Amino acid sequence: MKINHTFCVATCLAALFAAGCERDTTHTFRGDLAKSFNKPTPEQYLAMTASPNPDERREGLIGLAKSPRASEALALYAAVAGNEAEEVPVRAVALGVLGQSRDAAHLPVIVTCLDNDSPRIRWEAATALDNLPGEAAVGPLRRRTIADEAANVRAACATALRHYNRPDVLTTLARALNDPQFAVRNASHKSLKELTTLDLGYDPQPWLDHAAKTETP
């Protein structure tokens with residue numbers, strides 16, 4: 001479902017300003033901020049996320065993430081990450097922040113982004129899921145580890161699977177040892193070693209045999 005970026009940003013702006021912040025209308029976007037030697041306030045960064053300029057929206061999201069108000073704006077980052085109409089670099093920032101937040105409430109929007117048309121968005125989603133694991137992510141991560149067209153996405157998904165010690169995940173990682181790209185094979189091997197504390201090499205069969213004997217936790 002597409003999310004109306006303008007509505008979501010306006011809603012978050014209203015909520016945060018209503019929490020006791022005074023909106024500074026004299027330094028709204030980057031052109032105004034450049035006139036001041038002071039570090040932009042969280043309110044100024046938040047206002048930048050509503051700019052018509054995607055570079056300014058991205059800058060606003062980055063600045064807000066480093067501010068004390070970041071945790072209050074996670075709903076905004078979720079809205080941006082799930083907004084199909086938003087520019088890829090802007091959504092990428094939002095996905096990164098959601099992953100670092102480790103807030104399970106936003107796991108669904110990250111998982112949804114694994115099916116995005118953009119390889120960059122899929123990679124960011126997989127990377128975020130390495131920081132924010134959850135059962136809802138297992139199936140999509142397994143599928144993308146084997147079938148994604150982008151090698152860096154397959155590798156990132158294999159890395160994210162290191163959190164799930166279960167036979168189906170071990171089997172997927174073992175199959176990925178046949179991937180034509182070394183980065184994917186290496187990521188899968190590392191995850192297998194971390195999950196099992198074993199090193200059975202890069203031949204899939206010993207791992208498949210081990211997975212067959214592994215009980216589901």
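Since every read-out is calculated from the coordinates, none of them should be taken as a lab result. As the structure is a prediction and not an experimental result, all values here were calculated from the model. With ideal geometry, Cβ positions are generated from the backbone for all residues, glycine too; neighbour counts draw on all protein chains shown.
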Calculate the FRET efficiency for T112 and A151 from the Cβ-Cβ distance with a Förster distance of 30 Å, rounded to the nearest 0.05.
0.85
Treating every alpha carbon of region 133-217 as one equal point scatterer without solvent, the Debye formula yields log10 I(q)/I(0) values at q = 0.26 Å⁻¹ of -1.33
Students often forget the sequence filter, so: which aspartates and glutamates lie under 17 Å Cα-Cα from K190 once same-chain residues fewer than 8 apart are removed?
D130, D168, D179, D199, D203
So what are the three principal axis dimensions of region 60-217 from its Cα atoms, in whole Å, longest to shortest?
49, 29, 21
Would you mind calculating the gained length between A85 and D199 on full extension (0.36 nm times residue separation, minus the Cα-Cα distance), in nm to one decimal?
36.6 nm
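What value does region 76-146 have for Rg/Rh, both radii from Cα atoms and Rh as Kirkwood defines it?
Numbers: Rg = 10.6 Å, Rh = 11.5 Å.
Using Cα coordinates only, the ratio equals 0.92.
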Under 15 Å from a point placed 7 Å out from the Cα of D55 along the Cα-to-Cβ direction: which residues of region 85-102 have their backbone N that close?
89-90
